Amino acid sequence: MLEEKAEIFIDKLKKADNAVVLTGAGVSTSSGIPDFRSKNGLYSKISEDTFNLDNFFTNPMEYYKTALEYIHPLADSEPNVAHKMLAELESRGLIEAVITQNIDNLHQKAGSKNVIEFHGNINSFFCTGCGKQYTREAVEESAAAGKLPECTECGRMIRPGVVFFGDPIPEEALTYSYRLASECGAFAAIGSSLCVMPASNLPLIAMQGGADVFVINREQVYPDHMTKYNFTVDITEFSEAVLDFLGQSS
């Protein structure tokens, strides 16, 4: 059954003029990164308000204390087979881009080149005054010492480059993603609950453009009538099946 799904998936990617993938938290769980809302998800350990923009500016040191323990270490994880499968698809010219809701940098670690980040990157930081960019290491050195990370140029506070609730989605990422979705011949949403706007709009935009749309998740996200390719599967097992099929068809 998985083998058949993998074959259908690759066949549609090969026939599409352009193919695009959207990934959510379910792609990274087997790398040891929890999703957000499940029983043992990140929100079972920290408050949802941690990622609220107003809360960050009200008490930034509280955020950094939480981040040092629960958020920054996520970037030390390693890519899993799903990340590697997507990097392989890109290297073979079968997908044009990965649009991700994740902040963990694992697609880049796995070798994906064209990664569009809707919610920023855990390794990115910048000054709220002059915009100077900072590394995670520089920020952690201050925060671990109990000092608010401040810009060496203008003295203003440094903030994470992740997109908080209350932040706009980066305009360039949004515009590019909408264009890719509207012009692609195949679109796959993998490991996403498709309940967070505006990423949840992308499969619908692809459908309107006539694309073959795959929804691939461990739990059913869409009702069956919404798309012909509604795969309720283990993402790791599906990714392995795709790589196996690619190896056999090389």
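For region 38-115, which whole percent of the accessible surface, found with a 1.4 angstrom probe, sits on carbon and sulfur atoms?
Carbon with sulfur: 44 percent of the solvent-accessible area.
With contacts defined as alpha carbon pairs under 8 Å and 6 or more residues apart, what's the relative contact order of region 81-181 in percent?
Relative contact order of region 81-181: 23 percent.
Please compute the net charge surrounding Lys15, taking Lys and Arg as +1 and Asp and Glu as -1 over other residues with Cβ under 13 Å from its Cβ.
Counting the neighbours of Lys15, the net charge comes to -2.
Just order 166-172, 12-18, 183-189 by mean Cβ neighbour count inside 10 Å, highest at the front, would you?
183-189, 12-18, 166-172
Quick one: how many lysine pairs in the chain have C-alpha atoms under 18 angstrom apart, if they're 8 or more apart or on different chains?
Going through the chain pair by pair, I get 10.
Can you give the relative contact order of region 74-133 as a percent, counting alpha carbon pairs under 8 Å and 6+ residues apart?
Dividing the mean separation by the residue count of region 74-133 yields 33 percent.
Using a 1.4 Å probe and ignoring any ligands, DNA or RNA, find the accessible area of Tyr222 and quote it in Å² to the nearest 10.
Rounded to the nearest 10, the figure is 20 Å².
Using only the alpha carbon atoms of the chain, find the Kirkwood hydrodynamic radius as the inverse mean reciprocal pair distance, in angstroms to one decimal.
One over the average 1/r among Cα pairs gives 19.0 Å for the chain.
Please report, in debye to the nearest 20, how large the charge dipole of region 23-156 is about its Cα centre when each Lys and Arg carries +1 at its beta carbon and each Asp and Glu carries -1 there.
160
Arg92: accessible area at probe 1.4 Å, nearest 10 Å²?
100
Report, to one decimal in Å, the Kirkwood hydrodynamic radius for region 30-112 based on all distinct Cα pairs. Before the final figure, lay out each step's value.
Working: mean 1/r = 0.0692 Å⁻¹.
Mean inverse Cα-Cα distance, inverted, gives 14.4 Å.
Project the alpha carbons of region 74-145 onto their principal axes and report the range along each, largest first, in whole Å.
Projected onto its principal axes, the Cα set of region 74-145 covers 44, 24, 16 Å.
Tell me the Rg and the Dmax, in Å, that the Cα atoms of region 69-218 produce.
17.3, 54
Where does the chain land at 222 nm, in deg cm²/dmol rounded to the nearest 500, when only DSSP H runs of n ≥ 4 count, each adding -39500 (n - 2.57), divided by all residues?
-10000 deg cm²/dmol
Using alpha carbons only, how many degrees (0 to 90, rounded to 10) separate the axis of helix 81-91 from the longest principal axis of the chain?
With rounding to tens, the tilt is 70 degrees.
Which of the GluC sites (Glu not before Pro) across region 206-250 are loop residues per DSSP, with 12 or fewer other Cβ within 10 Å?
Sparse-neighbourhood loop GluC sites (Glu not before Pro): Glu219.
Can you pull the semi-axes for region 139-213, root of five times each eigenvalue of the Cα gyration tensor, sorted largest first, whole Å?
38, 13, 10
Considering the options Cys154, Pro168, Pro203, tell which one lies farthest towards the positive end of the dipole of region 107-213, charges being +1 on Lys and Arg and -1 on Asp and Glu at the Cβ, about the Cα centre.
Sorting the options by dipole projection puts first Cys154.
With charges only on Cβ, +1 for K and R and -1 for D and E, what is the dipole size of the chain about its Cα centre, in debye, rounded to 20?
Dipole magnitude for the chain comes out near 220 debye.
State in Å² the accessible area per residue of the chain; use a 1.4 Å probe, count heavy atoms of protein chains only, and round to the nearest integer.
Heavy-atom SASA per residue in the chain reads 47 Å².
Taking Cα centroids, how far is region 1-36 from region 211-229 in Å?
12
Please list Tyr70, Tyr64 in order of solvent-accessible area, largest first, computed with a 1.4 Å probe with all protein chains present.
Tyr70, Tyr64
Could you check what % of the DSSP bridge pairs in the chain are antiparallel, to the nearest 5?
Of those bridges, close to 20 percent are antiparallel.
Just add up the charged neighbours of Ala181: K/R +1, D/E -1, any other residue whose Cβ is under 14 Å from the Cβ of Ala181.
Values: positive: Arg179; negative: Asp17, Glu96, Glu183, Asp212.
Here the charged neighbours net out to -3.
Any chance you could list P(r) for region 122-181, counting all Cα-Cα pairs in 5 angstrom bins from zero, rounded to whole %?
Bin by bin from 0 Å, the calculated values are 4, 18, 21, 22, 14, 9, 7, 4, 1.
Taking amide H atoms as placed 1.01 Å from N in the peptide plane, list the residues 5 or more away in sequence, or in a different chain, whose amide H sits under 5 Å from that of Ile116.
So Ile116 has HN proximity to Val98, Ile99, Thr100.
How much accessible surface does Leu94 have with a 1.4 Å probe, in Å² rounded to 10?
Its heavy atoms expose roughly 20 Å² to the probe.
The values are calculated or read from the model by the stated rules, or taken from the named source; none is laboratory data. All figures in this text were calculated on a predicted structure; none of them were measured in a lab. Because the Cβ atoms are built from the backbone with ideal geometry, glycine has one as well, and the counts that use them run over all protein chains shown. For the accessible areas, the whole protein counts, side chains as well, though only heavy atoms, and no ligand, DNA or RNA atoms are used. Shrake-Rupley method; radii C 1.70, N 1.55, O 1.52, S 1.80 Å.
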